[in-house]
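Undergrad: Structure incoming, see below.
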Amino acid sequence: MSPSRIPGFYDLPLSERLSRLSQAAGLIPADLAAWTTGGLTPDAADHMIENVVGTHALPLGIALNFVINGREVLIPMAVEEPSVVAAASFMAKLARAGGGFIATASEPHMIGQVQVVHLRDIHQAKAKLYEHKAELLEIADTVDPVLKSLGGGARDLEVRVIESSPIGPFLVLHLIYDVRDAMGANAVNTACEKLAPHVEAITGGQVLLRILSNLADRRIACAQCTIPVRQLDMVSERANLPTYRGEEVRDRIIVAWAFAAADPYRAATHNKGIMNGIDAVVVATGNDWRAVEAGAHAYAARSGRYTALSTWGKDEKGNLVGRLEMPMAVGIVGGATRVHPAARAAIKLMGVKTAGELAEIIVSVGLAQNLAALRALATEGIQRGHMALHARQVAIAAGATGELIGKIAAQMVAEKMIRIDRAEQLVREYTGTQQKP
């Protein structure tokens, strides 16, 4: 793949952007068409979910400048919020100077839960399950012969006693299952259901729930980056805002992160910023963004207190260092990832061959997005860049078209008055139309 640095990509016409992507990643016309047409027909959608009446499109942008584990990557992001793609791309550019992102992903082990209730002796039942551990793992291993042939399957069993609940104590069996390059929900759920009658026979209790957990803390992705302090120098384009030296920006970012680390109210918004980047790639690749969201926020509260998913500090050279660790249950086989043409094109663009590689890319985007938000918040404020892009949406909503969109957006930004009523007034002024009575 060609380098992910494509200078002037933003200013190219849409057709030329597609052409450059085709050259960079070897995409064929059918791949590009999946993005320009939405990729999913109503007939195809009718086979995916119930009560289909059509499809719903999101803007698809390309995050540039990413170097992950020494490899250049062009990253598709499906998101409706302005500034997300631009922010991730710019932070990736800063990270390049420090070697880019170093990312890892653990083995793709998912957790299936089997709830056992109505037990006479809960601790004796727990001991019996451990006595039959090898037998239960062997049964679970027969669920998916194809997955087994690829090196996946049952790995371990754990048994937990829930001592206090609204219904009193009960038992939970955890099946640790290697799902290889799948997200894994179907395989894990099937395995849990197959184990249910055997668990009942062993414990004398009743199995109720049999389902995977989205707190996939056995399937962790981690990304790290080092930003040379000189890359953090900021020269404001606005006369009423100061110029920031790199050391000051670094220290402000660390202070802003400390706020999220200490306060759950701030941490919720801090982590939402991370998910702005992560969800956009998860959606673009046809993965389950709701599962990833649930796992992320549960992981953030694993200590009993909700906190920031990322950490920021400085190294011995004074450079800014960031790290993001979180569950990442994503796949490149099965589900919408294979069914949706646009998702297939996204996987092809990134050149990923395993679910682990995809997880490493996604967590790197999350760290870049987090840095962008912290940098903006700690210096000129989050609204400057965000509202400049939002102004274009307001102009369109007011009825602006063509070149008028940019003119009205620029004027509202200059006036610091990005409102629909002002945009409508400007549309009337530029077009010479009068307000309807």
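The values are calculated or read from the model by the stated rules, or taken from the named source; none is laboratory data. All of these numbers come straight from a predicted model, not from anything done at the bench. Note that we place each Cβ from the backbone using ideal geometry, even for glycine, and neighbour counts take in every protein chain shown.
Undergrad: Consider only pairs whose beta carbons are under 6 Å apart and that are at least six residues apart or on different chains; among these, list those whose first residue lies in segment 187-210 and is polar (S, T, N, Q) and whose second residue is surrounded by 20 or more Cβ atoms within 10 Å (Cβ to Cβ) and at pLDDT 95 or above.
TA: Pairs found: 189/212; 203/116; 203/125.
Undergrad: If we only count strands (runs of 3 or more DSSP E) wholly inside segment 83-202, which ones have 3 or more residues that are buried (at least 23 other Cβ atoms within 10 Å of the Cβ)?
TA: Because the criterion is at least 3 residues that are buried (at least 23 other Cβ atoms within 10 Å of the Cβ), the strands (runs of 3 or more DSSP E) in segment 83-202 that meet it are 109-117, 170-178.
Undergrad: Restricting the search to segment 36-53, which residues are assigned to a loop (DSSP other than H, G, I, E, B) and surrounded by 14 or more Cβ atoms within 10 Å (Cβ to Cβ)?
TA: Hits for segment 36-53 are 38, 39, 40.
Undergrad: Consider segment 290-322. How many of its residues are free of Cβ contacts under 8 Å to residues at least 60 places away in the same chain, closer than 30 Å to residue 231 by Cα and among the hydroxyl-bearing types (Ser, Thr, Tyr)?
TA: Matching residues across segment 290-322 total 2.
Undergrad: Are there any pairs with C-beta distances below 6 angstrom linking a residue in segment 262-275 that is assigned by TED's automatic domain parsing to the domain that holds residue 368 to a residue that is at pLDDT 95 or above and outside any helix (DSSP H, G or I), with the two at least 6 apart or on different chains, and if so which?
TA: These pairs meet every condition: 264/306; 267/306; 267/307; 267/308; 270/308; 271/309; 274/309.
Undergrad: Still on this structure, I have one more. Residues that are more than 16 Å from residue 63 (Cβ to Cβ), at pLDDT below 95 and outside any loop (DSSP other than H, G, I, E, B): does segment 308-331 have at least one?
TA: Of all residues in segment 308-331, those more than 16 Å from residue 63 (Cβ to Cβ) come to 308-323, 325-331.
With at pLDDT below 95 added as a condition, the list becomes none.
Scanning segment 308-331, I find no residue that is more than 16 Å from residue 63 (Cβ to Cβ), at pLDDT below 95 and outside any loop (DSSP other than H, G, I, E, B), so the answer is no.
Undergrad: With 203, 243 as the choices, which residue is assigned by TED's automatic domain parsing to the domain that holds residue 301 and farther than 24 Å from residue 100 by Cα?
TA: Residue meeting the stated conditions: 243.
Undergrad: Within segment 54-73, which residues are in contact with a helix residue (DSSP H, G or I) (Cβ under 8 Å, 6 or more places away or on another chain), surrounded by fewer than 21 Cβ atoms within 10 Å (Cβ to Cβ) and more than 17 Å from residue 342 (Cα to Cα)?
TA: 69, the sole residue that qualifies.
Undergrad: Something else: Determine if segment 282-289 includes at least one residue that is over 25 Å from residue 81 (Cα atoms), touching a residue at least 40 places away in the same chain (Cβ under 8 Å) and either among the acidic types (Asp, Glu) or touching a His at 6+ places or on another chain (Cβ under 9 Å) (or both).
TA: no
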